[in-house]
1. Can you name the residue in the range 210-226 that is under 14 Å from GLU98 (Cβ atoms) and of a type in the set (Asp, Glu) and is also surrounded by the fewest Cβ atoms within 10 Å (Cβ to Cβ) among such residues?
2. Among GLY109, GLY103, which is the only one that is open to solvent by 10 Å² or more (accessible area, probe 1.4 Å), out of contact with any Phe, Trp or Tyr (no Cβ under 9 Å at 6 or more places or on another chain) and not in a helix (DSSP H, G or I)?
3. Give me a count of the residues in the range 35-63 that are among the aliphatic types (A, V, I, L, M) and open to solvent by 80 Å² or more (accessible area, probe 1.4 Å).
4. I'd like the residue in the range 206-223 that is charged (D, E, K, R) and assigned to a loop (DSSP other than H, G, I, E, B) and, out of all such residues, is nearest to ALA16 (Cα to Cα).
5. Exactly one of (1) within 25 Å of VAL106 (Cα to Cα); (2) at pLDDT below 90; (3) not small (Gly, Ala, Ser) is unmet by TYR138. Its number?
6. Going through the range 73-88 one residue at a time, which ones are open to solvent by less than 10 Å² (accessible area, probe 1.4 Å) and in contact with an Asp or Glu (Cβ under 9 Å, 6 or more places away or on another chain)?
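The values are calculated or read from the model by the stated rules, or taken from the named source; none is laboratory data. On a predicted model such as this, the values are computed, not experimentally measured, just so you know. Note that each Cβ is placed from the backbone with ideal geometry, even for glycine, and that neighbours are counted across all protein chains shown. Please note that ligands, DNA and RNA were not included when accessible areas were found on the heavy atoms of the full protein model with its side chains. Shrake-Rupley method; radii C 1.70, N 1.55, O 1.52, S 1.80 Å.
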Amino acid sequence: MNILALESCGGACSVALCKGENGSLIYRNTPMRRGHAEALLPMVQDVMTEAAVAYDDLESIVVTRGPGTFAGVRVGLAAARGLALAHDIPVRGVSVFEAILVGHKVHYGSVDHDYDYEPRAHEEHIMVLLNAPRGALYAQLFPYQPSSEKSVESGAQAPFMASPQEVTDLLKRGTVLVGEGVERLRIISADGVPDRVAEWLREGYITLSEASGVPDTRVMASNYDLFQRRVAGNEESEESASPLYLRPPDARLPQRVSGW
């Protein structure tokens with residue numbers, strides 16, 4: 001099984017290929033604030049050349065679909081769709097929340113392909129936090145043991161955008177926090193955290209994950225089957241490769257002036 005994974009939603013371009021039955025990984029990752037459009041496809045070609053794998057031999061492409069920068073989300077999805085169309089390859093879009101969630105489970109050695117995930121003491125939920133513009137956060141809350149008959153996002157609450165203080169107010173006892181946005185939450189917690197949350201942190205009823213706070217394409221490629229929706233027929237969904245935006249774009253079309 002040859003699976004190609006792409007990520008360009010945030011502050012890096014990242015590509016990984018999980019090659020063959022032995023699952024060897026070829027990986028490229030370049031931090032960047034802009035220039036994703038120019039960097040991503042050459043990185044893909046680099047990985048494919050090193051792996052000596054033809055595009056027609058890919059079984060699937062998995063790509064992050066947001067949230068993130070508008071340009072970055074579009075670049076990754078366009079690259080995946082273009083390759084898929086040219087070589088008749090299925091595409092699986094996964095949210096950045098899902099990618100980080102699986103990374104957390106891999107980090108703690110708790111992933112298997114039946115999703116028999118054993119939570120640690122006091123842990124009932126996982127909240128993935130991402131940095132959003134203007135000091136805000138993107139957040140999504142997942143249960144610890146989704147049904148083995150459904151997808152990685154089964155039972156999850158809808159993702160949302162909120163201020164760090166609003167997220168703090170929503171925290172539940174028994175939550176694990178993971179993602180780059182955790183640091184932003186901790187900054188406001190110094191003097192803004194409610195007493196109950198401070199107590200839960202001290203007592204371990206809210207814990208901070210040590211897993212990567214950004215999507216890892218190596219994890220995405222090597223755990224591809226965990227992202228598949230387990231529905232009748234297991235067919236690819238068009239929505240799975242659609243962009244996930246949680247806020248309107250900053251750029252606005254100029255309004256027409258009356259009389260012109």
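1. Here the residue is ASP225.
2. Answer to the check: GLY109.
3. First, pick out the residues of the range 35-63 that are among the aliphatic types (A, V, I, L, M): 37, 39-41, 43-44, 47-48, 51-54, 58, 61-63.
Okay, now just the ones that are also open to solvent by 80 Å² or more (accessible area, probe 1.4 Å), so 41, 52.
Of the residues in the range 35-63, 2 are among the aliphatic types (A, V, I, L, M) and open to solvent by 80 Å² or more (accessible area, probe 1.4 Å).
4. So, considering only residues that are charged (D, E, K, R) and assigned to a loop (DSSP other than H, G, I, E, B), the one nearest to ALA16 (Cα to Cα) is ASP216.
5. Going through (1) within 25 Å of VAL106 (Cα to Cα); (2) at pLDDT below 90; (3) not small (Gly, Ala, Ser) one by one, TYR138 breaks only (2).
6. Result: GLY76, single match.
Per-residue answers, yes or no, for (1) at pLDDT 95 or above; (2) in contact with a His (Cβ under 6 Å, 6 or more places away or on another chain):
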{"site": "MET43", "(1), (2)": "yes, no"}
{"site": "ASP46", "(1), (2)": "yes, no"}
{"site": "LEU58", "(1), (2)": "yes, no"}
{"site": "VAL75", "(1), (2)": "yes, yes"}
{"site": "VAL91", "(1), (2)": "no, no"}
{"site": "ASP114", "(1), (2)": "no, no"}
